[in-house]
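Student: My questions will all concern the structure given below.
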Amino acid sequence: MWNRGEAGRYQVEAAIAAVHASSEVSDRAGPVRIAVLYLWLERLVPTAPVRLARVVAVARAYGAERGAALLDELGRRHRWGDDPLVRRRERVVRAHLSEMVGDTGAAEVLYREAAALGANRVEGRYLLERADRLR
């Protein structure tokens, strides 16, 4: 077991994957339960990817507006603007929330912004394709 805040990148990704897997396997695991799992995971591994995954879980459980409010709060508290990868992920999550409320124009712009922020060409191409589908 690792100490709080000392998880490596792959441990964080494995923890997120485990929460996703538990939500897909269990028919009883509703969106609220998944949001609670992410809250617990965030306390163990307080990293931006876990926080952003919790935003999506909260949006699925309680609605996009509540997810957006959490995203704004976490952005103010953790100053995500300092890290380009986190800024990219934040834009993708915000685009996802925009899609949830039917604002495809805003989602398209956010996906394009996210694609421009990173060096990973495969991910950037995927984000541009996603933006193109919203036209």
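Student: Step by step: first the residues of the stretch 101-135, then only those that are β-branched (V, I, T), over 14 Å from E90 (Cα atoms) and in a helix (DSSP H, G or I), then the one that is least open to solvent (accessible area, probe 1.4 Å). Which residue is that?
Tutor: T104
Student: If I ask for residues that are more than 16 Å from V101 (Cα to Cα) and open to solvent by 60 Å² or more (accessible area, probe 1.4 Å), which ones from the stretch 40-71 would you list?
Tutor: Those that are more than 16 Å from V101 (Cα to Cα) and open to solvent by 60 Å² or more (accessible area, probe 1.4 Å): W40, R43.
Student: Only one residue in D82, D103 is out of contact with any His (no Cβ under 6 Å at 6 or more places or on another chain), within 24 Å of R135 (Cα to Cα) and charged (D, E, K, R). Which one?
Tutor: D103
The values are calculated or read from the model by the stated rules, or taken from the named source; none is laboratory data. Note that the structure is a prediction, hence the values are computed from the model and not measured. We place every Cβ from the backbone using ideal geometry, glycine too, and count neighbours over all the protein chains shown. All accessible areas refer to the heavy atoms of the entire protein, side chains included, with ligands and DNA or RNA removed. Shrake-Rupley method; radii C 1.70, N 1.55, O 1.52, S 1.80 Å.
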